[in-house]
Amino acid sequence: MKCPNCGQEMRPGFLFSTKDGALSFADEVPSWLRNAKHAEGFVKVTEVRPNHRASIDAQCCEACRTIVINY
């Protein structure tokens, strides 16, 4: 896959969490006191998998430091 930013070839791999849990996206990172699903712009990317790392297929462009995922 070509990078949408710079046109270089992207390297396939995985985006993953460093601790047990799920990957999510939001307009800002909510504090640990706030339920993340109530954050502005929240999108659940992966399900919670207790005792497992969350991961999703991704493409990485090392030239411009862009990661592309499909969820």
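Quick note: the coordinates plus some simple rules give every number you see, no bench work behind them. Note that the coordinates shown come from a computational prediction; the quantities given were computed from them, not determined experimentally. Every residue, glycine among them, receives a Cβ derived from its backbone with ideal geometry; neighbour counts consider all protein chains shown.
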*Whole-Å semi-axes of the ellipsoid equivalent to the chain (Cα gyration tensor, √5λ, descending)*: 26, 15, 9
_Amide H contacts under 5 Å for A54, placed H, 5+ residues apart_ = S17, G21
*Using modelled backbone amide H atoms (1.01 Å from N, in-plane), which distant-in-sequence or interchain residues come within less than 5 Å of T66's amide H?*
C61
*How much length is gained if the chain between H52 and R65 is pulled fully straight, taking 0.36 nm per residue apart and subtracting their Cα-Cα distance, in nm to one decimal?*
2.0 nm
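Using the per-residue mean of other Cβ atoms lying within 10 Å as a proxy for protection, in what order, highest first, do the peptides 42-52, 57-67 fall? Walk me through the intermediate numbers first.
Values: 42-52: 11.5, 57-67: 14.4.
In decreasing order of mean packing, 42-52, 57-67 become 57-67, 42-52.
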